[in-house]
Each structure stands twice: as structure tokens, then as C-alpha cells.
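Taking it in order: structure first as C-alpha cells, then the write-up.
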Amino acid sequence: MVLLWEVQVDANTPRKSMLQGDCKVNERREEAGANCITEHDGFEPICLNEHVLRVAYFQYRQQYGPRQGHEINEQYRYTAYWQFVRWCWGFLGRQVRVPLPSCAVCQIRDKFASEENVGFQYPPLH
């Protein structure tokens, strides 16, 4: 599972290295000596803490405007993805997308599950 997200790339950063995306995530993971980015001490407070995400959403709203018509968990998920990208890559933009690791996406989706979209479910056995 790959979720693409946007980051601003300066003129000196090759697009190919940004599109690969893993290099920045691995830097964060290795700085903590973790096997997975979700094991980094910063992941939970930055991406899963409701209070931090609420404040981050205020920053997002000030910069880009409010996200209208979305359920609360979807707003938390979107803000958590935004926080994750900001944590790993820095300044956000709207031109370049990078893949987010599935482990991070899954933890964020588990924490802020959709009330409307439950995804694929097997039919009941009769």
C-alpha cells in the first residue's frame, strides 16, 4: 500500500530522489535505531496524538484554508499524513508527491478509522 503525498522540492534536490521517498524516512528511522518508522519515539506524538494534530490542523487551516465536508477522523488522518511528511521532508508544497510507508499509513488509519468507509470485507459465509 502506497499513499502519495506532496512536498516542496528546492532547485538543488533531484526529483528522482524525492520520488523514491524512502531516504528521508530511513534517516528518521535510523536516527532512533528503530526497525520501523512507527517505532521512532517521535512517530506517536507527531502523527497519532489528537492534541498535537488539532494544533497542526490550525496551522494547515491558516496556510491552506479549512477542509470542508469531511468527517472528523478523516480530518485527523489527513492532518496526520501532513504531519508525517512535514516531519520527514520538511516544507510542504503542492507539486511533488512522495510515497508514505504502508506501516505509517496503517497505524494512522487504525487510530483514526473511517466511520463511513470500512474498505474491503469478505461476504458472510452461509
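The values are calculated or read from the model by the stated rules, or taken from the named source; none is laboratory data. It should be emphasised that the depicted structure is a prediction, and the values quoted were computed from it without experimental measurement. Neighbour counts are summed over all protein chains in view; Cβ atoms, including those assigned to glycine, are modelled from backbone coordinates with ideal geometry. Calculation scope for accessible area: heavy atoms of the full protein, side chains included, ligands and nucleic acids excluded. Shrake-Rupley method; radii C 1.70, N 1.55, O 1.52, S 1.80 Å.
Quick notes
- Restricting segment 73-106 to chymotrypsin sites (Phe, Trp or Tyr not before Pro) that sit in a DSSP loop and have at most 10 other Cβ atoms within 10 Å of their own Cβ leaves PHE91.
- When you filter the GluC sites (Glu not before Pro) in segment 33-95 for DSSP loop state and at most 10 other Cβ atoms inside 10 Å of their Cβ, nothing is left.
- Qualifying trypsin sites (Lys or Arg not before Pro) in segment 66-118, where qualification requires a DSSP coil assignment and no more than 10 other C-beta atoms within 10 Å, comprise ARG94.
- Close amide-amide hydrogen proximity is noted between LEU100 and LEU3, LEU4, TRP5, each under 5 Å apart and 5 or more residues distant or on a separate chain (H modeled in the peptide plane; Pro and chain starts excluded).
- Residues in segment 56-97 average 53 Å² of solvent-accessible surface per residue, probe 1.4 Å, ligands and nucleic acids excluded.
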